[in-house]
Amino acid sequence: MAYPKVTVVGAGQVGATTAFLLATKGLADVVLVDVAEGLPQGKALDMMHGRSVELFGPRVTGTNTYEETAGSDVVVMTAGLPRKPGMTRDDLLAANSAILRGVVEQAVAASPDAVLVCVTNPLDMMAYLAWKVSGLPSSRVIGMGGVLDSARFAYAISEATGTPIDDVSALVVGAHGDAMVPLPRLSLAGGQPLTEVLPPERVEDLVRRTVGGGAEVVSLLKTGSAFYAPAASVTKMVESILSDADWLLPSCVLLEGQYGIDGVYLSVPAVLGRAGVVEVPEIALTPEELAQLRASAATVAEGVASLELGG
Ligand code: APR
């Protein structure tokens, strides 16, 4: 059977886990790319050794160059440094923007028709940079932030309320960082808005845990940052794209006037299909929620301004 082709750049924690999920779920052949010699080849071989156990059809290959990535349907970018304890995602800006520029140029040259999905942090700024450097329409450059933040909120809600995880639907929009905007009013536990299930102070506590979820993992791990939930989140986005499912997923996309925000990459609910971002429907927010989202956008715009100044 012929599978779609996905390139995953960065064969570290997030990239390798994503490759394994894409393969074991039968979603795509994967080409893992990394600058570290032997790393992508070794991990790809290790995954292929598991083929007769997991019985998955796709192939995973590893490489240090881009020739084998040619003609990919989707390129997932995870290359770059992860956070260390005490670092914010923004502290990664200078190092990761230099890495990402090179990755985007080479990946797009090999796969000019691909949809790019950025995972490298600081996410919103890196997604914007990828769009600018790629020269692609913004519908084909997407970032992974909102799915992960919403998943963390869903976990917190499920644990606090005892609601089974598949009966929780959580929504977090905005920047993938301290300025993210969890939306308790639009998050449901057992079909009920969270604001009606828990008192305000408990809701606030879950919001705090969600915003700090990534940092909590970093401080426990001591080396590196989260990767299982990030890999699961990007895999979900890639599945919606490859299978043209048109799922509405909180995704980091270019806003062009929606919510009164223009020219900023930020997570909002977006329809993802074979063409990339198919639609960004504007969901109804209260004035207060809207103000929070715009404040969140302002923090990203500041970071992007420093990028454009070469900072
Ligand atoms: N091209 C390809 N791969 C690169 C490049 C490059 N120019 N520069 C670095 N890499 C590779 C590293 O060799 C490493 O294997 O990127 C990989 C990153 O893996 P990890 O250090 O394990 O980091 P990971 O936890 O996967 O996070 C990657 O995703 O979630 C974000 O904040 C996180 O920005 C970080 C990224």
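Quick note: the coordinates plus some simple rules give every number you see, no bench work behind them. Note that this is a predicted model, so its numbers are computed, not measured. FYI the Cβ positions are ideal-geometry reconstructions off the backbone, even for glycines, and counts take in every protein chain you see.
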Relative exposure of Ser111, Ser267, judged by other C-beta atoms within 10 Å (fewest first): Ser111, Ser267
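Using the Kirkwood radius built from alpha carbon pairs, what does the Stokes-Einstein equation give as D for the chain at 25 °C and 0.890 mPa s, in µm² per second? Walk me through the intermediate numbers first.
Numbers: Rh = 19.5 Å.
In µm²/s, the coefficient rounds to 126.
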Cα extents of the stretch 10-105 along the three principal axes, largest first (Å): 42, 30, 23
GNM flexibility winner over the chain from Thr69, Thr24, Thr78 (Cα, springs under 10 Å): Thr24
Phi-based couplings in Hz for the stretch 253-268 (Karplus 6.51, -1.76, 1.60; Gly and Pro marked x): 10, 6, 8, 10, x, 4, 6, x, 10, 9, x, 10, 7, 7, 7, 8
Charge dipole (the stretch 5-143, unit charges on Cβ, about Cα centre) - positive-most of Pro82, Asn64, Leu32: Pro82
Relative contact order of the chain, pairs being alpha-carbon contacts under 8 Å that are 6 or more residues apart, as %: 16 percent
Sparse-neighbour loop sites [GluC sites (Glu not before Pro); the stretch 1-97; at most 13 other C-beta within 10 Å; DSSP]: Glu37
Helix-derived mean residue ellipticity, 222 nm - over the chain, DSSP H n ≥ 4, -39500 (n - 2.57), to 500: -13500 deg cm²/dmol
Interchain or long-range residues, amide H under 5 Å from Gly62's placed H: Leu32
Spherically averaged projected area of the stretch 107-229 from its Cα convex hull (nm²): 9.0 nm²
Packing-based ranking, highest mean first, of 58-64, 140-146, 169-175 given that Cβ atoms within 10 Å are counted: 140-146, 169-175, 58-64
